[in-house]
Structure formats: C-alpha cells, structure tokens
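Heads up: the structure comes next, in structure tokens.
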Amino acid sequence: ILLVVVGFGLALFHANVDGSTASFSQLISHGGFFPTGAHGFLMSFQMVVFAFVGIEMVGLTAGETDDPESNLPKAINSLPIRIGLFYVGSMIAVMSVYPWDKITTTASPFVQVFSGIGIVGAAGILNFVVLTAAVSATNSCLFSTSRTMYALSMGGNASSFLTRLGRNGVPNIALNFSTAFLLIIVVLNYFIPAGVFNLVSSVSTINFVVVWVVLIIVHILYRRQHPKGSSVFKMPGYPITDYLTLAFFVFILGFLLINEATRVAMIISLISIGSMLVIYQLISRKSRS
C-alpha cells in the first residue's frame with residue numbers, strides 16, 4: 001500500500017527520481033506495451049499464475065467458518081480489490097517511477113523505488129516485508145495442505161492415521177507430515193540453489209492449475225446435477241465463464257509444455273499426477289473387490 005501511494009504521488013507531481021522523471025507516461029513510453037514482443041508477455045504467465053497459487057484456499061477456509069454463506073461472498077468479492085491494489089497497483093507505481101529498461105535484475109524493483117527517493121535501508125525494509133510475506137504464505141499453505149489431507153483421509157482416500165486430531169482440533173499428523181514434506185525444498189536449495197526457485201515455482205504452478213481445472217470441472221458437473229442449486233452465491237456467467245476459464249488453463253499448460261524453461265517441470269508434474277491416478281484406481285478396485 002505504501003509503495004502504491006508513494007509511486008502514484010511521485011507520478012502525479014512528476015518528481016525526479018534517480019535521474020528519471022516519474023510520470024504515468026512511462027507506462028507507454030520506451031517502446032510502449034510489449035516492447036520486446038508477445039514472447040515476453042507469454043513468458044510471464046508462469047510467474048503470474050504462481051503468484052495466485054493457493055487462492056482456492058478461500059473456499060477451503062469457508063468450510064471452517066460458522067457462516068460460510070455470508071463469509072464466502074465477502075471473501076471472494078474482496079479479491080478483485082486486493083488484486084487491483086497489491087498486484088496491478090504496485091506494478092503501475094513501479095513502472096511510473098522507473099522506465100522498464102532501467103529496472104535491473106540484480107535487485108528488487110521495489111528496493112530501487114525506495115532507494116531512488118532516498119529511503120535509507122530500503123533493501124533491509126523490503127527483505128523484512130518479503131520474509132514476513134513468505135512465512136505467512138507458508139503458514140497458509142501448511143493449513144490448506146493439512147486440512148486437505150485430513151479431508152481426504154476422512155473420505156477414505158488417504159491413510160486413516162491422518163484423521164487424528166489434537167486436543168485443539170488441529171489435524172496434527174497431517175500438519176506434521178506436510179511440514180516434513182516441505183523440508184524437501186530445503187534439501188533442494190542446498191544442492192541446486194540457482195535453479196530451485198524456478199523448479200519449485202514451475203511445478204507448483206502446473207499442479208495448482210491442474211487443481212483449478214478439476215475444480216471447474218466439478219463445478220460444471222455439480223451445476224448439471226443441481227440445476228436449481230443454491231441461489232446465495234452463484235458463479236456469474238455460468239456455464240460460459242467455466243468453459244472460458246478451462247480454455248485459459250489449457251492454454252497455460254500447453255505453453256508451459258512447449259516452453260523450454262518449464263518443460264522439465266511440466267513432464268515431472270504430468271508423470272506424478274498420472275502415477276497418483278493409477279495408484280488411486282488400483283486402490284479403489286482393491287477396496288471394491
């Protein structure tokens with residue numbers, strides 16, 4: 001929020017920042033939109049989608065509330081505002097203060113903005129904010145994965161020992177299992193520090209897009225089986241918006257497959273998902289027999 005306010009203020013008053021004049025005209029100058037062509041725009045999709053990993057947590061959390069019919073619409077409707085402020089707003093602020101061709105890749109553009117306006121210790125402040133956000137995101141992911149594993153176990157789709165709850169109602173076994181699995185990233189960071197982020201972000205993006213595809217398909221099937229359904233909070237534009245969303249996700253997966261930087265992660269993800277489907281079918285057949 002501070003960055004958005006500062007950036008917009010500098011752009012409105014055309015302040016001089018580190019030898020450049022801040023202005024909203026910076027957004028269309030220096031080559032305009034897509035100055036290096038459409039390829040750069042497409043390459044950004046992997047990181048853009050990765051930024052929204054875990055957004056389905058809103059629906060998962062709704063099951064933990066006392067009044068989901070009231071709380072879920074509020075949470076969903078606030079997302080466009082948050083996205084507009086924290087993602088779009090911050091990008092407009094940065095690009096208005098610094099031309100895109102003057103932003104370096106060796107430091108955060110947010111650090112450049114704050115350093116350019118004379119804030120001492122900008123790197124330390126931003127590092128603290130980033131680390132705090134990372135810890136918060138990790139905490140949210142551990143919550144969602146432990147609850148998901150608990151729900152799968154309750155439905156008979158995972159080991160029954162994951163259903164054990166602590167005295168405070170927390171699925172401790174599922175939480176500890178998720179935490180232990182997260183340590184794999186620490187090991188990977190030790191062996192391949194230069195490429196671990198790209199690998200993990202690509203695999204996360206691919207797997208979560210698959211999760212979102214499944215959610216959309218489930219929504220379509222649910223609405224077909226319950227055409228009247230609940231009128232409290234329906235998806236706008238159904239079923240057209242469902243199919244448009246599916247088409248977009250298929251496009252993302254297709255691009256990640258043909259893109260050399262994410263092809264390995266895509267193949268690994270497809271193999272792992274296919275293996276899980278095969279194992280699930282074998283277990284299902286065994287339990288039915």
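The table for this structure:
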item	result
Conditions (1) under 16 Å from the mean Cα position of the chain (by Cα); (2) surrounded by fewer than 13 Cβ atoms within 10 Å (Cβ to Cβ); (3) over 27 Å from ASN198 (Cβ atoms); number of the one not met by ALA137	(3)
Answer from VAL94, VAL113, VAL186 - the residue that is closer than 24 Å to SER25 by Cα, modelled with pLDDT of 80 or more and not polar (S, T, N, Q)	VAL94
Selection status of THR262, part of a helix (DSSP H, G or I), of a type in the set (S, T, N, Q) and closer than 18 Å to SER201 by Cα	yes
Residue within region 214-229 that is in contact with a Leu (Cβ under 8 Å, 6 or more places away or on another chain), modelled with pLDDT under 85 and assigned to a helix (DSSP H, G or I) present	no
Meets criteria (among the polar types (S, T, N, Q), outside any helix (DSSP H, G or I) and over 16 Å from MET57 (Cα atoms)) for ASN127	no
Any hit, region 179-197, residues being among the hydroxyl-bearing types (Ser, Thr, Tyr) and free of Cβ contacts under 8 Å to residues at least 40 places away in the same chain	yes
Helices (runs of 4 or more DSSP H) fully within region 1-53 counting 1 or more residues that are more than 20 Å from PHE110 (Cβ to Cβ)	38-43, 45-51
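Conditions (1) within 30 Å of VAL278 (Cβ to Cβ); (2) without any contact (Cβ under 8 Å) to a residue 40 or more places away in the chain, marked per residue:
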| residue | (1), (2) |
| --- | --- |
| VAL88 | no, yes |
| TYR98 | no, no |
| GLN112 | no, no |
| LEU126 | no, yes |
| ALA137 | no, no |
| SER140 | no, no |
| PHE161 | yes, yes |
| GLY166 | no, yes |
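Residue-wise test of (1) in a loop (DSSP other than H, G, I, E, B); (2) under 17 Å from the mean Cα position of the chain (by Cα); (3) loosely packed, with under 13 Cβ neighbours inside 10 Å.
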| position | (1), (2), (3) |
| --- | --- |
| VAL186 | no, no, yes |
| TYR190 | no, no, yes |
| TRP212 | no, yes, no |
| PRO236 | yes, no, yes |
| LEU257 | no, no, no |
| GLY274 | no, no, yes |
| SER284 | no, no, yes |
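So that you can scan it fast, the table gives a plain yes or no per residue for (1) among the hydrophobic types (A, V, I, L, M, F, W, C); (2) modelled with pLDDT under 80:
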{"site": "LEU3", "(1), (2)": "yes, yes"}
{"site": "PHE8", "(1), (2)": "yes, no"}
{"site": "LEU27", "(1), (2)": "yes, no"}
{"site": "GLY31", "(1), (2)": "no, yes"}
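The values are calculated or read from the model by the stated rules, or taken from the named source; none is laboratory data. Please read all numbers here as calculations on a predicted model, not as lab measurements. Counting neighbours? That spans all protein chains shown, and the Cβs are built from the backbone with ideal geometry, glycine included.
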